[in-house]
Amino acid sequence: MELKDIVSVSGVAGLHKIIGRNKNGLIVETIGDNKKFATNIRQRVSILADIAIFTEDGEAKLWEVIKAIKALEDEGKSIPDAKADNDVAKAFMASILPQYDTEKVYVSDMKKLFGWYHTIKSVIDYSKLGVEEETETEAAEKSGDSPVKEAKKVAPKKTTKTAAPKTMAGAKVKTTTPRKMGS
């Protein structure tokens with residue numbers, strides 16, 4: 001499984017694998033207990049491949065941080081969990097990403113990252129981590145375009161004048177807008 005297939009859904013604990021789409025959102029399956037549900041329009045869905053961590057000189061993509069955590073775990077270091085002490089979380093974050101922005105990256109974000117790592121470490125394909133993004137960047141460099149310059153050009157919106165309510169013999173026609181009910 002790749003990071004582009006894993007999402008975090010606001011208001012729902014855990015990480016979820018995308019298994020389908022419907023007209024109102026996504027159909028996802030919770031990683032671990034395999035419960036399936038559909039997201040709705042009001043829920044914010046964050047794809048893990050799109051997440052980055054603030055650094056002093058820009059951003060570090062989540063896949064880079066996960067690779068760094070995996071390398072430390074392979075060396076035998078223990079990875080803190082979501083309930084780790086704040087000082088332990090800060091020290092570990094400094095060891096995997098020394099240039100992280102200490103003002104913008106909160107301890108709660110670090111703990112969430114560590115919890116996510118423990119959730120996905122058994123299902124993620126580390127060999128594909130970041131490969132897709134690197135090939136897109138290389139292709140853009142060969143064609144002379146940079147990923148930053150690929151912003152879509154948006155045509156200005158055409159504005160149309162809305163007609164005023166029609167009048168009958170000088171009197172305004174009543175509109176059928178529902179009233180707000182006080183609470």
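Read-outs throughout are calculated quantities, based only on the coordinates presented, and are distinct from any laboratory measurement. Bear in mind the structure is a predicted one, so any value in this text is a computation, not a measurement. All Cβ positions, glycine included, derive from the backbone under ideal geometry; neighbour counts span all protein chains shown.
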Next on the checklist: Starting from the 7 Å offset along Cα-to-Cβ, what nm value, one decimal, do you get for the label separation of Tyr126 and Lys23?
Outcome noted: 4.5
Next on the checklist: List the trypsin sites (Lys or Arg not before Pro) within the stretch 46-93 that DSSP assigns to loop and that have no more than 11 neighbouring Cβ atoms inside 10 Å.
Outcome noted: Lys83
Next on the checklist: Relative contact order of the stretch 1-133, please, whole-number percent, based on alpha carbon pairs below 8 angstrom and at least 6 residues apart.
Outcome noted: 24
Item to check | For the stretch 3-48: rounded, prolate or oblate by the Cα gyration tensor [a/c cutoff 1.5] | outcome: rounded
Checklist outcome for this item: For the stretch 31-74, listing GluC sites (Glu not before Pro) in a DSSP loop whose Cβ sees at most 13 other Cβ atoms within 10 Å gives Glu56
Checklist entry - Once the piece of chain linking Ala94 and Val45 is laid out straight, how much longer is it, given 0.36 nm per residue of separation minus the C-alpha distance between them? => result 14.8 nm
Item to check | Lys pairs under 17 Å by Cα in the stretch 1-106, provided they are eight or more residues apart or on distinct chains | outcome: 11
Next on the checklist: Can you list residues from other chains, or at least 5 along the same chain, whose modelled amide H is less than 5 Å from the amide H of Leu15?
Outcome noted: Ile31
Checklist entry - Which is farthest toward the positive dipole end of the stretch 51-131 among Leu97, Val131, Val65, measuring Cα position about the Cα centre, with Cβ charges +1 (Lys, Arg) and -1 (Asp, Glu)? => result Val131
Checklist entry - What residues qualify as long-range amide H neighbours of Leu26, i.e. H under 5 Å apart, gap of 5 or more or another chain, H built at 1.01 Å from N? => result Thr39
Item to check | Net lengthening on full extension, Asp85/Lys36 (0.36 nm per residue, minus Cα-Cα) | outcome: 14.4 nm
